[in-house]
Amino acid sequence: MAKKPRNVIFHLYRLQQKLAITNREAHALTVLLFFIVLGTLISIYQSSRPAVSPGFYATTDSLFLAATKEMQQHTASDTVQADTPATAPLTSQFFKPTFPININTATAAELELLPRIGPRMATRIITFRQTHGGFRTKAELKQIKGIGEKTYAGLENKITIE
């Protein structure tokens with residue numbers, strides 16, 4: 001004949017007797033043991049799966065870039081006051097320029113993506129464009145103070161007037 005399995009409570013009672021602890025202390029130890037086991041199970045579960053899906057960051061990055069670009073299109077204008085030097089470096093850090101850039105329609109932030117064009121030079125280009133009704137040829141860019149042959153040679157393939 002097989003022996004009947006002993007009750008779990010009986011084993012806990014025997015353990016309590018051997019450790020010589022009160023019922024209250026036994027209850028506290030049971031609760032602590034429960035939380036230790038629960039914490040271990042949660043830790044094992046979390047380590048077995050990734051915190052976020054692999055495409056999560058790519059999706060949020062592209063959404064951020066699209067929203068930022070849309071915001072800049074709505075807030076940027078062809079006036080000098082719209083683009084401050086404080087915001088210009090952020091634009092060049094987060095956006096990869098798409099060349100060629102149309103110098104007749106580009107904002108100051110877009111112009112600053114061009115090599116050797118900073119906030120002051122972008123302001124001069126916009127001022128020239130507004131004063132003369134736009135550029136008819138790329139070479140007219142050399143009429144702006146600070147843009148010589150060397151600077152123009154670096155810009156020629158990166159700009160358009162169309």
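The values are calculated or read from the model by the stated rules, or taken from the named source; none is laboratory data. Since the structure is predicted, the reported quantities are computational estimates derived from the model, not experimental observations. A quick note on method: Cβ atoms are made from the backbone with ideal geometry, for glycine too, and the neighbour counts reach across all protein chains shown. Each accessible area value is taken on the protein alone, full model and side chains, heavy atoms only, with ligands, DNA and RNA left out. Shrake-Rupley method; radii C 1.70, N 1.55, O 1.52, S 1.80 Å.
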Can you list residues from other chains, or at least 5 along the same chain, whose modelled amide H is less than 5 Å from the amide H of I159? I101
Once ligands and nucleic acids are excluded and a 1.4 Å probe is used, how much of T160 is accessible, expressed in Å² to the nearest 10? 30
Taking 144-153, 112-121, 33-42 and ranking on average Cβ neighbours within 10 Å, highest first, one gets 112-121, 144-153, 33-42
Return the sequence-ordered ³J(HN,Hα) values of the range 17-34 in whole Hz as given by the Karplus equation 6.51 cos²θ - 1.76 cosθ + 1.60 applied to θ = phi - 60°, using x for Gly and Pro. 5, 5, 7, 6, 10, 7, 4, 5, 5, 5, 5, 4, 5, 5, 5, 4, 4, 4
Cα-based shape type of the range 110-162, given that a ≥ b ≥ c are square roots of the gyration tensor eigenvalues and the cut on a/c is 1.5: rounded
Give a residue-ordered list of calculated ³J(HN,Hα) values for the range 98-104 (Karplus: 6.51 cos²θ - 1.76 cosθ + 1.60, θ = phi - 60°; whole Hz; x for Gly, Pro). 9, 9, x, 9, 6, 6, 7
